[in-house]
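Contents: one structure, followed by commentary.
The values are calculated or read from the model by the stated rules, or taken from the named source; none is laboratory data. Since the model is a prediction, treat every value here as computed from it, not as a measurement. All Cβ positions, even for glycine, are placed from backbone atoms using ideal geometry, and neighbour counts span all protein chains on display. Quick note on the areas: whole protein, heavy atoms, side chains included, nothing else; ligands and nucleic acids left out. Shrake-Rupley method; radii C 1.70, N 1.55, O 1.52, S 1.80 Å.
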Amino acid sequence: MPSENNLSYESINKFIEETSEESAVSDASPAFAVVLPLDYHAECAMACAKKILCGVITGEEPCPAWTEKGHPDLIVSGKPDEAATIEFCRTLWNELSLKPVASACRMGVLYSANRMSLPAVNSLLKITEEPPRSGRIMLLLEENSMLPTLRSRIRVFNYIADRAGSAESPDIPKSLGPFLKWIGRTRKMSPREMLPELENWAMFFAGEKDFGRASSLDSICMLARKGKLTTPMIQDLVWAGLEGEVRFEQLLDNFW
């Protein structure tokens, strides 16, 4: 078991339990993502898979189809610290389209989804847009960073965002005056130096269910990591993202 203090492990364990329960309800989204520390990805994946594939179970009521090798309707991308490959993503639709062996559906688990290559992520768009009727998809991420087109099609369970409710809200400029002060403070920073603050803002908006601003800031952060934006460009795009008046998927389409 990962070495965590009791309070931290208790909160993560509760989050995993609640996530597995919500992901298994009959009208749940066919595709969902879970953001939490890497050490708990395998535990969370198995908890959700057992609820989705086997129904609500207890230690006294083991899942008949579950063995040491897993479940016949569970397709896993690999190890938790290995990003799902484009080959896995390309074959996932066919795997999920097969008739379930022992459950009402089949389920695909993609580990380290925040580190997948762009072609691999793009190959998931069709699956999330037109998922097989008997298929469920689970993405595990260490940070809440996804292409906006993918994020808009899935439900996100964010442990970090849920914890942030008890912390102090980030100092996000809400009008032109504070924003100009932010520009003055960040004008000598490199794009890399600006990332932690912008990622925190995106996380805050995601926790507030403001997915439009969260996705816009995520897009800016992803492009900054790729070295495609200068500091002035980031500042201009951040203002547009905070205003919420720009469709970033169209504006940044050719940058990816």
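To keep it simple, each residue is scored yes or no on (1) open to solvent by 40 Å² or more (accessible area, probe 1.4 Å); (2) modelled with pLDDT of 80 or more; (3) part of a helix (DSSP H, G or I); (4) closer than 28 Å to Val101 by Cα.
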| residue | (1), (2), (3), (4) |
| --- | --- |
| Met1 | yes, no, no, no |
| Ile12 | no, yes, yes, no |
| Glu17 | yes, yes, yes, yes |
| Val25 | yes, yes, no, yes |
| Ala49 | no, yes, yes, yes |
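How many residues are buried (at least 21 other Cβ atoms within 10 Å of the Cβ), in a loop (DSSP other than H, G, I, E, B) and at pLDDT 85 or above when one looks only at the stretch 111-146?
Going through the stretch 111-146 one residue at a time, the tally reaches 2.
Give the stretch 219-256 a look and list any residue that's at pLDDT 80 or above and acidic (Asp, Glu), or say none.
Those that are at pLDDT 80 or above and acidic (Asp, Glu): Asp236, Glu243.
Identify, from the list Lys174, Lys181, the residue that is exposed (fewer than 14 other Cβ atoms within 10 Å of the Cβ), of a type outside the set (Phe, Trp, Tyr) and either touching a His at 6+ places or on another chain (Cβ under 7 Å) or not in a loop (DSSP other than H, G, I, E, B) (or both).
Details: Lys174 fails: either touching a His at 6+ places or on another chain (Cβ under 7 Å) or not in a loop (DSSP other than H, G, I, E, B) (or both).
Sole residue among the options that is exposed (fewer than 14 other Cβ atoms within 10 Å of the Cβ), of a type outside the set (Phe, Trp, Tyr) and either touching a His at 6+ places or on another chain (Cβ under 7 Å) or not in a loop (DSSP other than H, G, I, E, B) (or both): Lys181.
Quick check on the stretch 187-207: of everything there that is of a type in the set (D, E, K, R) and surrounded by 14 or more Cβ atoms within 10 Å (Cβ to Cβ), which residue is farthest from Asp171 (Cα to Cα)?
Glu199
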